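Take a look at the structure below.
The values are calculated or read from the model by the stated rules, or taken from the named source; none is laboratory data. Note that this is a predicted model, so its numbers are computed, not measured. Every residue, glycine as well, gets a Cβ built from its backbone with ideal geometry; the counts of neighbours run over all protein chains shown. For accessibility, only protein heavy atoms count, side chains too; no ligands or nucleic acids. Shrake-Rupley method; radii C 1.70, N 1.55, O 1.52, S 1.80 Å.
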Amino acid sequence: MLEQNEGRARLSTRRRSGSNALNLGGLLAVLSLGTSCVAGKDYQRPKVTVVQSFRGNPGPSTATSIAEQSWADVFTDRALRGLIQTALHDNFDVRIAASRVLQAEAQYGITKSYGMPTVDANASAGAARARLGGRGEPNTGGLFQLGATVSWEIDFWGRYKRASEAARAQILASQWGQRAVVTSLVSRIAVQYFQLRAYDHELEIAENSLVSRKESLRLTQVRDTGGAGTLVDVKQAEQLVLGANASIIDLKRLIEQQENALSVLTGGAPGPIGRGQELTQQQHVTDVPTGLPSALLERRPDIQAAEQRLVAANAQVGVAKAQYFPNIHLTASGGVASASLSTLFSAPALVWSAAAGATQPIFEAGRLDAQLKLTEEQRAEAVLIYRQTIVQAFREVSDALVGYQRDREYRTVQEDLVQAASEARRLADLRYQGGASSYLEVLDSETRLFTAELALVQAELNELGQFVEIYRALGGGWHG
């Protein structure tokens with residue numbers, strides 16, 4: 001087909017008999033064939049294995065997914081929603097991703113312009129003095145020219161079309177990449193905000209424990225003064241007070257550093273962060289709707305971005321193949337030229353020319369073969385990355401579902417543990433007050449209760465974190 005079109009292109013540029021004008025009908029025939037042959041194969045999505053259901057999903061897959069909900073509906077805490085809204089506007093990663101989209105659009109404009117005609121205007125004026133044959137008086141003459149040149153490289157083999165196709169795919173890839181950044185940002189802010197509220201809860205536990213331990217210290221001092229206790233009991237009670245104080249100091253450090261991290265994520269300078277609901281008040285559904293696994297390919301931004309990069313890589317193979325064929329050029333120029341300005345715009349001063357030509361690569365020292373090999377391997381790599389991204393996405397969803405289920409079970413057990421530790425602490429205190437045990441038993445039970453309460457806060461945080469991870473892994477968060 002390519003050889004036939006090349007021959008037809010040559011026939012279409014024959015000159016009219018007895019005329020220097022370019023055959024207009026032949027030119028139109030060439031233009032009509034300009035997009036008749038496109039090197040390379042059109043993109044087809046590669047075959048991928050899609051799981052029938054997500055591992056760890058407690059129920060059957062349904063058509064609806066929590067990822068289809070806006071982040072403003074998923075997260076009900078007003079303070080958290082305000083942080084997300086600010087971050088989507090001011091976060092540096094989001095702004096960088098937006099800039100990359102604009103860069104891709106500009107690159108598409110550059111690439112698309114290569115297949116269009118170019119028009120150049122030119123003007124010149126000059127004079128010369130010469131003695132012809134070395135005899136007689138020298139002659140002085142001038143030349144004034146004003147004209148324009150039109151040139152066009154016909155995209156006969158689809159090289160520019162494939163290049164434009166690759167550039168369009170890069171735009172889409174950058175747009176999906178921006179959405180992937182947004183999805184990641186929404187989940188990071190939610191997780192870090194929940195971590196901040198967890199530190200707040202731990203600080204509250206430590207402060208309450210400090211009050212209780214100070215009271216216990218006072219009682220041991222009274223017992224020691226009255227002769228019912230010992231100095232060892234007093235020192236052990238002091239250890240509990242000092243330990244609570246140390247925990248409070250460390251938690252205040254963690255809270256301020258967490259506030260700084262959230263401030264930077266929202267695009268601002270390090271500073272305090274407003275609070276909303278308590279950690280235990282954060283709403284999240286028990287059974288998270290996951291949707292159909294096949295829908296994940298269309299919803300996850302990173303999968304869509306990987307596919308568009310594959311589309312671009314496939315188009316670049318066509319660009320490389322088109323390099324093997326001749327480049328067909330059309331040029332035309334017209335204007336006026338005269339030795340005198342007074343006659344520059346007269347009819348005899350009109351000049352024009354038109355030409356067509358082709359350039360065929362013959363010896364390139366293997367450059368074209370190497371370029372084609374490079375693009376083919378880049379396409380093969382893009383296919384592997386696309387498939388890898390899909391498999392990784394299924395794993396992230398399954399891990400999050402399993403983690404969410406197990407963390408809920410762990411949190412329930414931890415709640416029972418706190419209740420048991422609290423009762424043990426009460427009984428140990430009664431035994432000590434009654435003289436049935438030493439203060440060491442109170443010290444041990446107090447330490448166990450404090451540890452269990454902090455572990456419960458971490459369990460609640462982990463459960464919330466897995467909920468956020470399910471939302472992100474399913475592709476939620478990029479639409480507000």
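Numbers for the structure displayed
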{"read-out": "Subset of region 423-480 (residues that are in a loop (DSSP other than H, G, I, E, B) and touching a helix residue (DSSP H, G or I) at 6+ places or on another chain (Cβ under 9 Å))", "value": "Ala436, Ser437, Ser438, Leu474, Gly475, Gly476, Gly477, Trp478, His479, Gly480"}
{"read-out": "Residue in region 391-399 that is of a type in the set (A, V, I, L, M) and more than 37 Å from the chain's Cα centre (by Cα) present", "value": "no"}
{"read-out": "Some residue of region 51-60 being over 29 Å from Ala380 (Cα atoms), charged (D, E, K, R) and in a helix (DSSP H, G or I)", "value": "no"}
{"read-out": "Some residue of region 288-298 being open to solvent by 20 Å² or more (accessible area, probe 1.4 Å), farther than 30 Å from Ala104 by Cα and either part of a helix (DSSP H, G or I) or in contact (Cβ under 8 Å) with a residue 60 or more places away in the chain (or both)", "value": "yes"}
{"read-out": "Boolean, Arg45 is open to solvent by 80 Å² or more (accessible area, probe 1.4 Å), part of a loop (DSSP other than H, G, I, E, B) and touching a helix residue (DSSP H, G or I) at 6+ places or on another chain (Cβ under 6 Å)", "value": "no"}
{"read-out": "Test: Gly243 is closer than 30 Å to Leu440 by Cα and surrounded by 14 or more Cβ atoms within 10 Å (Cβ to Cβ)", "value": "yes"}
{"read-out": "Residue in region 202-217 that is surrounded by fewer than 18 Cβ atoms within 10 Å (Cβ to Cβ), among the polar types (S, T, N, Q), closer than 20 Å to Val94 by Cα and without any contact (Cβ under 8 Å) to a residue 12 or more places away in the chain present", "value": "no"}
{"read-out": "Residue in region 355-368 that is within 46 Å of the chain's Cα centre (by Cα), of a type in the set (S, T, N, Q) and modelled with pLDDT of 90 or more present", "value": "no"}
{"read-out": "Filter result for Leu372 (among the aliphatic types (A, V, I, L, M), touching a Pro at 6+ places or on another chain (Cβ under 7 Å), closer than 20 Å to Arg159 by Cβ and assigned to a helix (DSSP H, G or I))", "value": "no"}
{"read-out": "Cβ-Cβ under 7 Å pairs, at least 6 apart or on other chains, region 219-245 side part of a helix (DSSP H, G or I), far side aliphatic (A, V, I, L, M) and open to solvent by 70 Å² or more (accessible area, probe 1.4 Å)", "value": "Asp224/Leu231; Gln236/Leu440"}
{"read-out": "Failed item, numbered, when Glu259 is tested on (1) assigned to a helix (DSSP H, G or I); (2) over 30 Å from Ala400 (Cα atoms); (3) open to solvent by less than 60 Å² (accessible area, probe 1.4 Å)", "value": "(2)"}
{"read-out": "Region 120-145, residues that are modelled with pLDDT of 75 or more, exposed (fewer than 10 other Cβ atoms within 10 Å of the Cβ) and more than 15 Å from Gly334 (Cβ to Cβ)", "value": "Gly126"}
{"read-out": "Positions within region 71-94 being surrounded by fewer than 13 Cβ atoms within 10 Å (Cβ to Cβ) and closer than 29 Å to Arg309 by Cα, in sequence order", "value": "His89, Phe92"}
{"read-out": "Subset tally (residues that are open to solvent by 10 Å² or more (accessible area, probe 1.4 Å) and modelled with pLDDT of 90 or more) for region 308-323", "value": "8"}
{"read-out": "Residue check, Ser187 part of a helix (DSSP H, G or I), under 28 Å from Ala428 (Cα atoms) and of a type in the set (S, T, N, Q)", "value": "no"}
{"read-out": "Test: residue in region 91-101 that is outside any helix (DSSP H, G or I) and charged (D, E, K, R)", "value": "no"}
{"read-out": "Hits in region 269-306 - residues which are under 16 Å from Phe394 (Cα atoms) and of a type in the set (D, E, K, R)", "value": "Glu298, Arg299, Arg300, Asp302"}
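Yes/no matrix, rows are residues, columns are (1) open to solvent by 50 Å² or more (accessible area, probe 1.4 Å); (2) free of Cβ contacts under 8 Å to residues at least 60 places away in the same chain; (3) on the phi < 0 side of the Ramachandran plot:
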| site | (1), (2), (3) |
| --- | --- |
| Gln371 | yes, yes, yes |
| Leu374 | yes, yes, yes |
| Ala380 | no, yes, yes |
| Leu384 | yes, yes, yes |
| Ser398 | no, no, yes |
| Gln405 | yes, no, yes |
| Thr412 | yes, yes, yes |
| Asp416 | yes, yes, yes |
